[in-house]
Amino acid sequence: MTTSSTLTHLACAYCGETYTADQLINLCHECCKPLLARYDLARAAATLTPESLAEREASLWRYAEVLPVRRRDAVLCLGEGWTPLNHAARLGEAIGCPATYIKDEGVNPTASFKARGLSMAVSRAYELGAPALAIPSAGNAAGAMSAYAALAGLPAHVFMPQDVPTLFQVECRELGASVTLVDGLITDCGVKAREGAAQHGWFDVSTLKEPYRVEGKKTMGYEVAEQMGWTLPDVIIYPTGGGTGLIGMWKAFAEMEAMGLVGSERPRMVAVQSSGCAPMVRAFDQGDEFAAPWEGAATVADGLRVPAAVGDFLILRALRESNGTAVTVTDAEMLAYAREMGRMTGIFPAPEGAACLAAQVKLLTAGWIRSDETVVLFNTGSGLKYAHLWA
Ligand SMILES: *Cc1c(COP(=O)(O)O)cnc(C)c1O
């Protein structure tokens with residue numbers, strides 16, 4: 001049994017070199033930049049219609065035409081995606097922006113939106129015959145990878161900085177992964193994962209170093225559009241580490257326009273980072289095409305502790321093409337706004353999610369967001385995974 005995927009090939013996001021999609025592959029062989037999946041969107045548009053979607057399952061797999069998995073038996077689903085887009089009415093009134101919405105990704109399997117990307121990447125690696133998987137992660141990605149590897153019955157090798165909060169390590173171990181703690185940052189873990197992959201034939205599912213995590217995360221863009229009746233908000237605020245979700249949503253908007261699901265208008269995309277690790281904000285402010293690595297990265301928001309991102313140029317492109325911006329918030333602001341969000345909405349956010357609210361308030365104060373605009377914040381994970389922060 002096949003899915004209705006219309007995947008055609010892969011193309012390098014930087015040099016345009018194309019590749020067959022039916023192979024296990026990491027980066028572009030020519031320029032070592034990310035590969036992106038391409039689809040037959042004319043064919044997809046024939047069946048991916050608002051009417052047909054209304055009948056479909058409540059998971060991200062509802063968008064099968066524009067997802068890469070071809071075989072039904074390779075679809076690894078724990079119920080990821082199709083998360084609520086909550087109108088934060090009380091919060092919106094309080095901050096002077098009534099049309100504030102929160103996409104609550106904390107309700108995903110493994111309690112973060114990493115489930116979207118890893119569901120897709122592990123499904124596709126499984127479909128293409130990977131014998132085992134490896135991932136460097138500062139937290140949520142490792143738990144999600146461990147979960148989908150367990151579902152598939154694939155060995156999982158996780159490399160984490162040794163100061164990662166205990167719960168993130170425990171989650172991986174209990175899900176059956178082998179966990180190696182590394183004395184260093186996520187970038188050092190990446191080196192270890194790569195070495196293991198080269199030595200043992202594991203497939204490396206580092207973010208944007210394989211083509212399909214971004215395909216899982218792009219479904220956030222499809223969902224926001226569908227949940228808003230095929231319109232898009234004025235502003236999207238996204239807590240940016242590797243930037244996979246931001247890049248994915250930007251790709252989704254172009255695909256949706258090509259299929260006639262939305263028009264040519266786009267939200268202004270905002271990347272939020274911690275003042276303790278803000279390589280994208282610095283590069284955006286300096287007008288750079290690529291982001292220099294951030295020295296001494298430190299933040300309580302583990303998902304934002306990414307000193308260097310392989311998709312940096314794609315993040316910066318999306319911010320600029322959308323007339324968006326990039327802002328920093330402090331860890332103290334994240335903790336304060338987590339409480340504000342919790343008390344005003346009933347959503348207990350990850351610090352990364354709270355960072356979006358802190359950024360929104362800054363941008364409202366600066367007049368960059370107007371009070372009558374529609375704003376979507378991404379709460380990318382559940383506060384319950386960060387028990388160590390809320391003493
Ligand atoms: C990984 C992560 C992020 C950053 O996501 P990217 O798409 O890699 O930028 C934000 N929040 C949480 C909770 C995360 O786990």
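Spatial offset of segment 313-380 relative to segment 3-68 amounts to 29 Å, using the alpha carbon center of each.
Pairs exceeding 31 Å between alpha-carbon atoms, taken from K217/K385; K33/K192; K103/K192: K103/K192. In segment 154-291, the C-alpha radius of gyration followed by the widest Cα-Cα span (Dmax) gives 18.0, 49 angstrom. The Kirkwood hydrodynamic radius of segment 265-313, based on inverse pair distances between different Cα atoms, is 11.4 Å. Between A297, A355, A142, the Gaussian network model of the chain with springs among Cα atoms under 10 angstrom shows the greatest mean-square fluctuation at A297. Most mobile of S206, S178, S123 per a Gaussian network model of the chain (Cα springs, under 10 Å)? Its mean-square fluctuation being the largest, the pick is S178. In the chain, what percentage of the DSSP-assigned beta bridges are antiparallel, given to the nearest 5? Percentage antiparallel, nearest 5: 35.
Taken along its three principal axes, the alpha carbon spread of the chain comes to 52, 51, 38 Å, from the longest extent down to the shortest. The longest stretch of the chain left intact once loop-based GluC sites (Glu not before Pro) with at most 13 other Cβ atoms within 10 Å are removed from consideration, loops following DSSP, is 58-264. Comparing P349, P98, P50 in a Gaussian network model of the chain, where Cα atoms under 10 Å apart are tied by springs, the biggest mean-square fluctuation is seen for P50. Segment 257-391 gives an Rg/Rh value of 0.98, both radii derived from C-alpha positions and Rh following Kirkwood. Taking each DSSP H run with n ≥ 4 as -39500 (n - 2.57) and averaging over every residue of the chain yields -11500 deg cm²/dmol at 222 nm. Measuring nothing but how far apart in sequence close Cα pairs (under 8 Å, 6+ apart) lie, relative to its length, segment 138-287 scores a relative contact order of 16 percent. Structural size metrics of segment 3-108, computed from C-alpha coordinates, are Rg and Dmax of 18.2, 51 Å. Taken about its Cα centre, segment 61-192 carries a charge dipole of about 400 debye when Lys and Arg each add +1 at the Cβ and Asp and Glu each add -1 at the Cβ.
Rule-based calculations on the coordinates, nothing more; no lab input. All figures in this text were calculated on a predicted structure; none of them were measured in a lab. No Cβ is skipped: glycine too gets one built from the backbone with ideal geometry, and neighbour counts run over all protein chains shown.
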